[in-house]
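Structure, as C-alpha cells:
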Amino acid sequence: MGDSIVVVQTAFLGDVVLTTPLFRALRRCHSTARIAALVTPEAAPLIEEDPHLDHVLTYDKKGGESLRSAVATVRAQRPDLLVSPHRSQRSALLAIASGARTRVGFADARFRWVYNRRVPRSLEQHEVDRNLALLGGLDCAPDASDRWLHVGYTEREAQAVAAVLREAGVAESDRVLGLCPGSVWATKRWLPRGFAAVGQHFAARGWRVAVLGSPGDREVSRQVTEAIGPAAVDAAGATPLKALAAWMDRLALLVSNDSAPLHVATARDTPTVAVFGATTTGLGFGPFHARSRVVEVDLPCRPCGLHGGKTCPLSHFRCMGDLSPEAVLAACDDLLESVP
Ligand code: SF4
C-alpha cells in the first residue's frame, strides 16, 4: 500500500526532528513509495537531507498561507496514504481534503473522525515511540533500527561553522563546549548566569565555548558570551538553522535547555547535558541517547505544562532558580568520563 505517502507534521522544530524515525520506518516498509513530509518553512532545513524522504513540502501557516493552499500542496502529491503525527484541527482538515484513501492519526487528535485508522497515543511513551506507534495503523511493525533521529547537513554548512570558529580564533584542535541558552518558552530557559558559570568553568580548563541559538536568542547569547569572556564565541544567528547539525558534530559537549538543539544533538550523538525546568523527561521529549545526562530539580509543581509557559504560575520559578551550576558541572564531568 502507499505509492505516495505524505506525513503531516507542522509543529515546532523539535517535533519535526522527533518525527524523523517515522520517515525512516515508512521508507523501510514502503521502499518504492514517494514519501513527502509537510512541515513549516522554518523546520524544512532540518529534514532537507533526510535520505528517507523524496520531497519536503512546506505550509507557512504562521505567515498566513491559507489552508486551501496547503491542501493543494498535499493533493499535488496524489497521496494514497497520509500519516499525521500532528493532532491539530488544521492537520485533520488537511487530511480529509488530501484525497488520501488511508489516513492515519492519533485517537486523541482534534477531529479524529477524519482518520480512518486511529492509533491510541500513550502518555507514558517517548514522543519518538508515540510517532512510531502510528505504524500500528498500517502493516508495518516498528523495528528497533527505526528508533534513531536524523538531521543532516552538507559541506556548505560544515564550512559555514568552520568559518565562524576560524574567525573567532578557535583552532581545530580546541575542545569546544556548546551552550544553548534559548527556548521559545521562557520557563524552559535556565538562567543566563547558570550557562555563564558553566562556560567560565570550561574556559578556565582551556576549552572554547560556542553560544548557539537562533536570531531570536541573540540577546541572551550576548549576555552569556560577555560573561564568559574571550574564550566564548557568540554564534547565535551566525549560521543558518541547517548548520545546527554541523555545530553539533564540532562540539565535544553541549549544555542545552529542553529545546530543538537538544534533539539535533541526539540525532548527531553529541555528548549532551540537558537542563529541564517547567517540563520533565516524563512528558516524552527527553534525550534518549546514551551520551546524555539530564539535570533537574525535584519539585512537586513540575511539570506545569506540556511545553512550559511564558511565566512561572507560582511566580518563584524555582525549577530553574534552584538548579545550580555545580549540579550541571557534575553531570558534565560524569558524562565526559564515560565518553571515549
Ligand atoms: S510552577 Fe514549578 S515547574 Fe512551573 S515554572 Fe514554576 S517552578 Fe517551574
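The values are calculated or read from the model by the stated rules, or taken from the named source; none is laboratory data. Fair warning: this is a prediction, and the values are worked out from it, not measured in the lab. Glycine also receives a Cβ, built like all others from the backbone with ideal geometry; neighbour counts cover every protein chain displayed. Just the protein is used for accessible areas: all its heavy atoms, side chains included, with ligands, DNA and RNA removed. Shrake-Rupley method; radii C 1.70, N 1.55, O 1.52, S 1.80 Å.
For the chain, which span is the longest to avoid every loop-located (per DSSP) member of GluC sites (Glu not before Pro) having at most 10 other Cβ atoms inside 10 Å? It runs 173-340. Within the assembled protein chains, the solvent-accessible surface assigned to Leu283 is about 40 Å², based on a 1.4 Å probe. For Val83, the residues whose modelled amide H falls within less than 5 Å of its own, excluding neighbours fewer than 5 places apart on the same chain, are Val6, Val7, Val8, Val104.
Distance between the 7 Å Cα→Cβ label points at Ala168 and Asp322: 3.3 nm. A Cα-only calculation for the stretch 4-146 places Rg and Dmax at 13.5, 39 Å. Placing dummy labels 7 Å off each Cα toward the beta-carbon, the span from Asp334 to Asp249 is 3.1 nm.
Applying a DSSP loop filter and a limit of 12 other Cβ atoms within 10 Å to the trypsin sites (Lys or Arg not before Pro) in the stretch 237-327 leaves Lys310. What is the angle, in °, between the Cα long axis of helix 20-29 and the longest principal axis of the Cα atoms in the chain? Nearest 10 is fine, range 0 to 90. Taking the Cα atoms of the chain, the angle to 20-29 is about 40 degrees.
Please work out the Cα convex hull volume for the stretch 239-315 and give it in Å³ per residue.
Details: hull volume 7.9 nm³, N = 77.
Per residue, the Cα convex hull of the stretch 239-315 comes to 103 Å³.
Partners of Lys61 within straight-line reach, counting aspartates and glutamates whose Cα lies under 17 Å from its Cα and excluding those fewer than 8 residues away in the same chain: Asp15, Glu42.
Rounded to the nearest 10 degrees, the angle from helix 325-338 to the longest Cα principal axis of the chain is 70 degrees. For the stretch 189-330, the convex hull drawn through the C-alpha positions has a volume of 109 cubic angstrom per residue. Against the empirical 2.2 N^0.38 Å (N residues), the stretch 155-227 has a Cα radius of gyration ratio of 1.15. Heavy-atom accessible area with a 1.4 Å probe sorts Ile96, Ile5, largest first, into Ile96, Ile5. Distance from the alpha carbon centroid of the stretch 131-192 to that of the stretch 301-340 works out to 20 angstrom. If you take the Cα centroid of the stretch 270-286 and the Cα centroid of the stretch 211-266, the two points sit 17 Å apart.
Taken over the alpha carbons of the stretch 95-238 as equal point scatterers, the Debye sum produces base-10 log I(q)/I(0) values at 0.20 Å⁻¹ of -1.09. Taken over the chain, the alpha-carbon convex hull comes to 135 cubic angstrom per residue. Cβ distances below 4.7 Å define possible disulfide partners, and in the chain the cysteines left without one are Cys180, Cys301, Cys304, Cys312, Cys319, Cys332.
Remark on Thr58: its backbone amide H falls under 5 Å from those of Val39, a criterion applied only to residues 5 or more positions apart or on other chains, H modelled at 1.01 Å from N.
Annotation: lysines with alpha-carbon distance below 16 angstrom to Lys188 (same-chain offsets under eight excluded): Lys310. Against the main long axis of the alpha-carbon atoms of the chain, helix 192-204 sits at an angle near 60°.
Based on the Cβ-Cβ distance from Glu48 to Glu219, what FRET efficiency comes out when R0 is 25 Å, to the nearest 0.05?
Details: r = 29 Å, r/R0 = 1.15.
After rounding to 0.05, the efficiency reads 0.30.
3J(HN,Hα) along the stretch 108-124: 9, 6, 5, 6, 4, 4, 6, 8, 8, 10, 10, 10, x, 10, 8, 6, 7 Hz, from the Karplus curve 6.51 cos²θ - 1.76 cosθ + 1.60 with θ = phi - 60°, whole Hz, x for Gly and Pro.
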